[in-house]
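The values are calculated or read from the model by the stated rules, or taken from the named source; none is laboratory data. Treat the numbers as computed from the prediction; the structure is a model and nothing was measured. Cβ placement follows ideal geometry from the backbone for every residue including glycine, while neighbour counts extend to all protein chains displayed. Heavy atoms of the whole protein, side chains included, go into the accessibility calculation; ligands, DNA and RNA do not. Shrake-Rupley method; radii C 1.70, N 1.55, O 1.52, S 1.80 Å.
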Amino acid sequence: MRIAFAADDSNECVEAVRAYLDEHHEVATVEGDWPVMSRRVAGAVVAGDADYGVLMCWTGTGTAIAANKVPGARAATVADAWTARGARLWNDANVIALSLKRLAPDVAVECVAAFLSEPTPDPDEAANIALLDDVDV
């Protein structure tokens, strides 16, 4: 899988996620301040240059907000493997955002692995997922 990756800081958590991604996937690192890097990662996913995006910032919140400004991006902030997997299954998320300050390195890796383990969303959620694109709600 091709993964677009960006982090606005570096620490053990970022290093662990990056090592996991490098070992298992083709990774394109994106640079820039967190709003810019987030939109670039989301843009790469939406354009088909990457299959999924992984963003890391202090809380994960800002990067998710910025990524979600890109039409077609579905970024979810996650803090555990169950939520990360559910973001793919039940929301068809194509980008995850992680806190590099509040997650232990092994938990962050578990989140990424769980997210990337689901190749398709749950077909039972197709109607609800379609409603995410409905701007006339």
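For the pair the stretch 1-59 and the stretch 65-137, the centres of their Cα atoms are 14 angstrom apart.
Taking θ as phi - 60° and the Karplus parameters 6.51, -1.76 and 1.60, the scalar couplings of the stretch 34-39 work out to 4, x, 6, 4, 5, 5 Hz in sequence order, x denoting glycine and proline.
Dividing the Cα radius of gyration by the Kirkwood radius, what Rg/Rh value follows for the stretch 81-123? Here the Rg-to-Rh quotient is 0.99. Each residue of the stretch 43-54 was assigned a 3J(HN,Hα) from its phi angle through the Karplus expression (A = 6.51, B = -1.76, C = 1.60, θ = phi - 60°), giving x, 5, 5, 5, 6, x, 6, 9, 6, 8, x, 10 Hz with x at Gly and Pro.
Heavy-atom accessible surface of LYS69, to the nearest 10 Å², is about 140 Å², with a 1.4 Å probe and all protein chains retained.
For the peptides 11-19, 89-97, the ranking by mean Cβ contacts within 10 Å, running from highest to lowest, is 89-97, 11-19. By the Stokes-Einstein formula, at 0.890 mPa s and 25 °C, the stretch 24-76 with its Kirkwood radius over alpha-carbon pairs has D equal to 226 µm²/s. The gain in end-to-end length when the THR83 to ALA47 segment is fully stretched comes to 10.4 nm, 0.36 nm per residue minus the alpha carbon separation.
Under a crude label model (7 Å from the Cα following the beta-carbon direction), how far is THR120 from ILE65 in nanometres? Here the answer is 3.6 nm between the modelled labels. Quick check: from the Cα gyration tensor, does the stretch 4-45 come out rounded (a/c under 1.5), prolate or oblate? Note, shape of the stretch 4-45 comes out oblate. In a simple Cβ point-charge model (Lys, Arg +1; Asp, Glu -1; nothing else charged), the chain has a dipole of about 300 debye relative to its Cα centre. Phi angles of the stretch 86-100 translate, via the Karplus equation with coefficients 6.51, -1.76, 1.60 and θ = phi - 60°, into HN-Hα couplings of x, 4, 6, 5, 9, 10, 6, 4, 10, 9, 10, 10, 10, 7, 8 Hz per residue; Gly and Pro are given as x. Under a 5 Å amide H cut-off, with hydrogens placed 1.01 Å from N, ASP51 pairs with ARG2, ILE3, ALA4 among residues at least 5 apart or on other chains.
Residues whose amide H lies under 5 Å from that of MET56, counting only those 5 or more places away or on a different chain, are ALA6, ALA7, ASP8, LEU98; hydrogens are built 1.01 Å from N in the peptide plane. Against the set (1) 16.7; (2) 14.4; (3) 16.3, the structure's computed Kirkwood radius over Cα pairs in Å falls on (2). Estimated at 0.36 nm per residue, the fully extended path between ARG102 and ALA130 surpasses their Cα-Cα distance by 6.9 nm. Note on GLU12 and ASP33: their simple-model spin labels are 3.1 nm apart, each label 7 Å out from Cα toward Cβ. Note on the chain: with a GNM built from Cα contacts shorter than 10 Å, the maximum mean-square fluctuation among ALA79, ALA127, ALA42 falls on ALA127. From its DSSP helices (H runs of at least four residues, each -39,500 (n - 2.57)), the chain gives a residue-normalised ellipticity at 222 nm of -13500 deg cm²/dmol.
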